[in-house]
Amino acid sequence: LHSKLPEVGTTIFSIMSALAAEKKAVNLGQGFPDFECDPALTGAVSAAMAAAHNQYPPMPGVPMLRERIAAKIASIYGHSYDAASEITITAGATQGIMTILLSCVHAGDEVIVIEPAYDSYVPSIQLAGGVPVFVSMELNQHGYTIPWDKVAASIRSKTRLIMLNSPHNPTGFVLSAADVKALADIVRGTQVLIASDEVYEHMVYDGVRHESLCRHPELGERSFIISSFGKTYHVTGWKVGYVAAPAALMAEFRKVHQFNVFTVNTPMQVGIAEYMNDPAPYLNLPAFYQRKRDLFRDGLKNSRFRMLPSAGTYFQCVDYTAISDLPELEFAQWLTAEVGVAAIPVSAFYKQQKESGIVRFCFAKQDATLQKAIACLQKI
Ligand code: PMP
Ligand code: GLN
């Protein structure tokens, strides 16, 4: 068969989780919680099933869920999306991203990707017929930054869309108000659209606020905002998320969505809508994860790993060059097999393979899991 994605193999997340299981290592690789979600959430889904919410919902999703999402966005970010025409429930953020690209990108259009980038972006762009154009984040002693001058220099007549992600996987970088202003200045007067992957929107630490692009009136007009309940409610296996965008963009999105999945499972949507009535679970998330981040960072303080900042997400990147000069994938494999802790090589998030001696740990774990990992990592 003539492959449409000749360079694509098994994702690094599956590879490292399989190795962690084989070696019985603590799995801080693939990003998912090792603790259960709130029983009130599973209870709400069970109740939805028992109440016969088991047939197709409307194509864009259960109306109550879309209304609750619109209300949440209005209360936190001050932007009013119309639940009827501007919000669609997706099968996780991954489907939302794919559907955005399929609906906007024409053959030969260019899409700017900031690297390191989540691994689904580039194959999704390619399947849509687009051409990824890469801009690398820069790393200095304060952590990763986006070089906006290079983003500006990459915009040409063929540029259709910029793919953004904040809070950022894998680096933990969070867009600042100054970044948002720089972006707005760059795209003003162009037709360039933005896909803003904000799946970690409720995981921003140290009192900093999440700069959703919908907060910014000009950017909101040209942006698709993507989020995922998998992250927010500790249920990565449920694969329920959403995309919000102005009506004209959403109309195009839905043309693809209705033939891609048509709609997303009903009882999860009804249960999530019910649970979302209480804002406490997502409002408490920064404190919940900041404590875990700090526990993990404190544990590694006296190790030979050099910690990079983690301003958001549930990831902590570390520089291991004081320990080893192995390439990142080999180091992550060695760490899993010999030290007993799985990590993800940051090089897996680059298309133009780049070795920087950095791996990513996920701290969305029970304290006991983190303590166990710390004990192993302190020894090397
Ligand atoms: N974007 C980013 C940046 C992610 O980290 C993830 C989760 N790994 C996704 C998208 C996909 O989210 P979902 O599981 O809801 O499809
Ligand atoms: N988003 C998760 C991560 O970055 C993994 C998702 C997946 O396994 N595809 O670790």
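Where a number appears in this text, it was derived from the coordinates with a stated rule and is not lab data. For clarity, every value in this text was computed on a predicted model and none was experimentally measured. Don't worry about glycine lacking a Cβ; one is built from the backbone with ideal geometry, like all the others, and counts go over all protein chains shown.
How large is Rg over Rh for the stretch 1-110, taking Rg from the Cα atoms and Rh as the Kirkwood inverse mean of 1/r across Cα pairs? Display every interim value, and only then the final one.
Details: Rg = 19.5 Å, Rh = 18.4 Å.
Rg/Rh: 1.06.
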Show which lysines lie in cross-link reach of residue 255 when reach means a straight Cα distance below 18 angstrom and same-chain residues fewer than eight apart are skipped.
none
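Quote the relative contact order of the chain in percent (integer), defining contacts as alpha-carbon pairs under 8 Å separated by 6+ residues.
Numbers: 758 pairs, mean separation 97.4, N = 380.
Rounded, it is 26 percent for the chain.
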Cα extents of the stretch 64-185 along the three principal axes, largest first, in whole Å?
43, 37, 26
Counting only GluC sites (Glu not before Pro) that are in a DSSP loop and have at most 11 other C-beta atoms within 10 Å, tell me the longest site-free stretch of the chain.
37-380
Compute the normalised compactness of the stretch 268-380: alpha-carbon radius of gyration over 2.2 N^0.38 Å, N being the residue count.
1.24
List the trypsin sites (Lys or Arg not before Pro) in the stretch 272-361 that DSSP assigns to loop (not H, G, I, E or B) and whose Cβ has at most 16 other Cβ atoms within 10 Å. Which are they?
301, 304, 351, 354
GNM on the chain, C-alpha springs below 10 Å: top fluctuator among 192, 133, 208?
208
Max mean-square fluctuation residue, GNM over the chain, Cα-Cα springs under 10 Å, options 345, 58, 286:
58
With the Cα gyration tensor of the stretch 234-327 in hand, give its eigenvalues times 5 under a square root as the equivalent ellipsoid semi-axes, listed largest first in whole angstrom.
38, 20, 12
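Using only helices, what value at 222 nm comes out for the chain when you add -39,500 (n - 2.57) per DSSP H run of length 4 or more and divide by the total residues, to the nearest 500 deg cm²/dmol?
Values: 15 runs with 148 residues, N = 380.
So the calculated ellipticity at 222 nm is -11500 deg cm²/dmol.
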Compactness of the stretch 39-279 as Cα Rg over 2.2 N^0.38 Å, two decimals:
0.99
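Show me the trypsin sites (Lys or Arg not before Pro) within the stretch 105-204 that DSSP assigns to loop and that have at most 11 other Cβ atoms within 10 Å of their Cβ.
When the trypsin sites (Lys or Arg not before Pro) of the stretch 105-204 are filtered for loop state and at most 11 Cβ neighbours within 10 Å, 156, 188 remain.
Within the chain, which whole H helices from DSSP have a Cα span along their axis of at least 18 Å and a mean Kyte-Doolittle hydropathy of -0.5 or more, if any?
Details: long enough: 63-77 (21 Å, 0.30); 92-104 (19 Å, 1.25); 247-260 (19 Å, -0.09); 285-300 (23 Å, -0.78).
Taking the DSSP H segments of the chain (at least 18 Å long, mean hydropathy at least -0.5), we get 63-77, 92-104, 247-260.
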Out of all DSSP beta bridges with both ends in the chain, state the antiparallel percent to the nearest 5.
50 percent
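Considering only DSSP states other than H, G, I, E and B, which chymotrypsin sites (Phe, Trp or Tyr not before Pro) in the stretch 265-367 qualify as loop sites with at most 15 other Cβ atoms within 10 Å? Spell out each step's value before the answer.
Values: sites: 275, 282, 288, 289, 296, 305, 314, 315, 320, 331, 334, 349, 350, 361, 363; in loops: 305, 314, 320, 350, 363.
Sites meeting the loop and neighbour criteria: none at all.
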Could you pull out every one of the lysines with an alpha carbon less than 21 Å from that of residue 150, ignoring same-chain neighbours closer than 8 positions?
158, 181, 351, 354
